[in-house]
Structures are given as structure tokens and as C-alpha cells.
Amino acid sequence: MFLESHSLYLPGLEPGQSLSDWGGPVDDAGPLLAFLEAKQRRRLSKLDRLVLQVAHQIGPPEVLAERVILFASRHGEIGTTLKLLHQWTQGESLSPAGFSHSVHNAPAGRLSILTHNHQPASTVSMGCDSLQAGLIEAASLLARYPERRVLLLLADEPLAAPLDLLGIEPIWPSALALDLSARVGWRLKVLPGTGAEPESAMLRLVRWIEQGGSELKLEGEQLGLLLQKAN
């Protein structure tokens, strides 16, 4: 598995800026998505915006249309789900569109529609180990479709009230896109989980990519992963 390119969104991180130069999260309006029409932006959830932002930095719609899409997320569209639950408790009617947009794979579907992508798409979730699960799934998809590239998208937003009281990461919105091919690059080795939630796997992976390291051990609660660059 070879990393062709990647893109990262964090609040306050400028496009093209390295993670080492990031000064930490700042309050912002989130991705502006100026490349979309206003009527398209109005229909998007916060999670949709994160996914579309990092995907757009990989390439234009005609490029993204040829990617096998793989979406990995710890919470998925939990923000949309919480809004629906609040409406339900207030006795308000729930729209079919709102319900369909609350499913876990909704951002992958939204991306495929906007880019006219008819390639296979998949979604994985494994709590704080969702990145590791996504990398393993990406490797299996590349083994099945070696002539194509896999766009692995990892995105999550902070839990809204009342779930914010649980203190579960992430504490700020974040998204990562990895454009992967079947060329020789990374070797993956599955490791047992440690039983404890480690530091953000997303940030550790991006630091390793930027520093050009040869080996990275991504510890996980249930699933760990060892990444090694092929000689």
C-alpha cells in the first residue's frame, strides 16, 4: 500500500501547512467549501463539510470520481442524530431526509453524489481505533481492486450536549484524507490492543508522514497497527 498524497483539516490549520507548524485549535466557522454552490453547502452537515474539505484537497471532482471511497469515523453523523432525537422529544415531526442523513455512511454517500462517483464505497467504525480499522480495510480493497486508488477518509466532530459530558474524543473537529494505491509502500502488521485509549492515531500518523519515518506503532484500545516502509 502506497500513500500518493494526503490532506488534513484541523481548526486553525491552513491548507498546505504542516502539522508541526500548527499553533493549536482556534474557533472558526469550519470549512467554507467555496468550491461548492451556496445551495449545495446549505444541505451539508458539519461532518459532510469536514469530509468534503479534505477530499477536495486531494483532487477535483473528476479525479475523486475514480476513487474507491472508504469512510472511517468513531461517531459518524452523531450530531445529526442528536438533532433528530431532540426534535422527537419536543414532539416535532422528523423529516425523511433528516433521517437518511443521520446514518453512519452519509458523508461517503454525499461525496459520491457530488463527484458523480460510481466506484465501490465502504464505511468502518471501531471507536478510537477507527483509523487502524480503516487502514486494514483499505489494504483489503486495494488487494481486490489493485488497478484503482482508495480514498480513505477519517472524520469526526466533538460530541454535542448531552453526550459531551462523557468526555470522549475528539475535542475539536478533525478530518484526514489518504489517497492510497496498490504500489509497494507501507507494510501493515496487526497488533493486539492495550485496553486503554491512546493519543490520537490521526495526529501520530500525520506527524510520521511529515517526518518521513520508517516505522510507526499505532497503539489502540482494541486494535493496534505497525506501519513499516518497504525497502
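When each full DSSP H helix of the chain is screened for a Cα extent of at least 18 Å along its own axis and an average Kyte-Doolittle hydropathy of at least -0.5, the helices passing are 46-58, 130-144. Calculated FRET efficiency, residue 228 to residue 145, Cβ-Cβ distance, R0 = 30 Å: about 0.85 to the nearest 0.05. Taking every C-alpha pair closer than 8 Å and separated by at least 6 residues, the mean separation divided by the residue count of the chain gives a relative contact order of 26 percent.
Under a Cβ-Cβ cut-off of 13 Å, what is the net charge of the residues other than residue 34 that fall near it, where Lys and Arg count +1 and Asp and Glu count -1? Neighbour charge sum, excluding residue 34 itself: +1. Take every Cα pair under 8 Å whose residues are at least 6 apart in sequence, average their separation, divide by the length of the range 24-155, and the relative contact order is 35 percent. Rounded to the nearest 5, the antiparallel percentage of DSSP beta bridges internal to the chain is 70%. Here the relative contact order of the range 106-231, from alpha carbon pairs under 8 Å that lie six or more residues apart, stands at 23 percent.
Estimated from helical segments only, the mean residue ellipticity of the chain at 222 nm is -9000 deg cm²/dmol, where each DSSP H run of four or more residues counts as -39500 (n - 2.57). Percent of Cα pairs in the range 41-122 per distance bin of 5 Å, from zero to the largest separation: 3, 14, 25, 23, 16, 9, 6, 3, 1. Distant-in-sequence amide contacts of residue 185, defined by a placed amide H-H separation under 5 Å and a gap of 5 or more residues or a different chain, comprise 230.
May I have the count of lysine pairs in the chain with C-alpha atoms under 17 Å apart, counting pairs 8 or more residues apart or located on different chains? Eligible lysine pairs with Cα atoms under 17 Å apart amount to 4.
Any idea how far the Cα center of the range 60-108 sits from the one of the range 164-231, in Å? Cα centres, the range 60-108 to the range 164-231: 24 Å. What is the list of residues in the range 45-67 whose amide nitrogen lies under 13 Å from a point 7 angstrom out from the Cα of residue 95, following Cα to Cβ? Residues 45 qualify, since their backbone N sits under 13 Å from the label point. Of the GluC sites (Glu not before Pro) found in the range 8-104, those in coil by DSSP whose Cβ has at most 12 other Cβ atoms within 10 Å are 37, 92. For the range 1-154, the calculated P(r), taken from all Cα-Cα distances in 5 Å bins from zero up to the bin holding the longest distance, is 1, 8, 17, 19, 21, 16, 10, 5, 2, 1, 0 percent. Expressed as a fraction of 2.2 N^0.38 Å, the value expected for a compact globular protein of N residues, the C-alpha radius of gyration of the range 110-231 is 1.13. Neighbours of residue 43, meaning other residues whose beta-carbon lies under 15 angstrom from its beta-carbon, give a summed charge of +4 when Lys and Arg score +1 and Asp and Glu score -1.
A Stokes-Einstein calculation at 4 °C with viscosity 1.567 mPa s, built on the Kirkwood radius of the range 92-156 over Cα pairs, returns a diffusion coefficient of 96 µm²/s.
Every number in this text was worked out from the coordinates using simple rules, so none of it is lab data. Predicted model only: the values in this text are computed from it and were never measured. No Cβ is skipped: glycine too gets one built from the backbone with ideal geometry, and neighbour counts run over all protein chains shown.
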